[in-house]
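S.K.: I'd like to ask some things about the structure below.
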Amino acid sequence: MFSGIVEGTGRAHYSAGRLHVELPFEVKPGDSVAVNGACLTVVEFDGRIATFDVGEETLRRTNLRGAKVVNLERALKLGERLDGHIVTGHVDGTVRFLTARSSRNTTLMAFEMPAERWGVAEKGSIALNGVSLTVARVESNRFWI
């Protein structure tokens, strides 16, 4: 489980079923890391670069195959503060950015989602690329944050 509060970013490279990510923190094989919100398990770590096995289902539902820079978060520990919302790391799919509207100190961004909608609810929580956000409005196959 994760909080959706990004700890850092890292450069990423996907090749032959493996994602290699430069991490800003220490991990060990077996640790869970949210990479752009997807829960992945460290299989190797050389002190700087973590390697993750990534299956076709994960690649189909995420943007990891072409990602150059990714958001990173280590798994929550029992008893720690939860500043975002509970994020499982089980990614439903990708969305498409449509537009942004700014007024005063607020910016609303619209995204298009597939017809399934994944249970996106107005005033509910959503994680985009691993970032915990609040849904401001839902319209048909669009939502605003």
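Taken together, the values in this text are just the output of simple stated rules run on the coordinates, not laboratory data. It should be emphasised that the depicted structure is a prediction, and the values quoted were computed from it without experimental measurement. Ideal geometry is used to build each Cβ from the backbone, glycine not excepted, and the neighbour counts take in all protein chains shown.
S.K.: So what is the 222 nm mean residue ellipticity for the chain from helices alone, if each DSSP H run of at least 4 adds -39500 (n - 2.57) and you divide by all residues, rounding to the nearest 500 deg cm²/dmol?
M.R.: Result for the chain, helices only: -1000 deg cm²/dmol.
S.K.: May I pose another question? Please rank HIS13, HIS85, fewest neighbouring Cβ atoms within 10 Å first, as an exposure proxy.
M.R.: HIS13, HIS85
S.K.: What number results when the radius of gyration of the chain, computed over Cα atoms, is divided by 2.2 N^0.38 Å?
M.R.: Relative to the rule-of-thumb radius for its length, the chain sits at 1.08.
S.K.: Just name one of ASN105, VAL135, PHE25: the one whose Cα is farthest towards the positive end of the charge dipole of the chain (beta-carbon charges, Lys/Arg +1, Asp/Glu -1).
M.R.: Positive-most Cα among the choices belongs to ASN105.
S.K.: Which of the GluC sites (Glu not before Pro) found in segment 83-130 are in a DSSP loop and have at most 14 neighbouring Cβ atoms, other than their own, within 10 Å?
M.R.: Listed in order of number, the matching sites are GLU116, GLU122.
S.K.: Just add up the charged neighbours of GLY93: K/R +1, D/E -1, any other residue whose Cβ is under 10 Å from the Cβ of GLY93.
M.R.: That sum, taken over residues with Cβ under 10 Å, equals 0.
S.K.: If the chain between ARG11 and LEU98 were fully stretched, how many nm would it gain, using 0.36 nm times the residue separation less the Cα-Cα distance?
M.R.: 28.8 nm
S.K.: Segment 26-86: which GluC sites (Glu not before Pro) are DSSP loop and have at most 16 other beta-carbon atoms within 10 angstrom?
M.R.: Those that pass, being in a loop and sparsely packed, are GLU26, GLU80.
S.K.: For every other residue with a beta carbon closer than 10 angstrom to the beta carbon of PHE45, add +1 if it is Lys or Arg and -1 if Asp or Glu, then tell me the sum. Kindly include the intermediate steps, with their values, before the conclusion.
M.R.: Working: positive: LYS28, ARG48; negative: GLU26, ASP31, GLU44, ASP46.
It works out to a net charge of -2.
S.K.: Run the numbers on the chain and let me know its relative contact order in percent, using alpha-carbon pairs under 8 Å that are six or more apart.
M.R.: With pairs under 8 Å counted, the relative contact order is 26 percent.
S.K.: Which ordering of THR51, THR88 is given by a fewest-first count of other beta-carbon atoms within 10 Å?
M.R.: Working: THR51 16, THR88 11.
Ascending number of Cβ neighbours within 10 Å: THR88, THR51.
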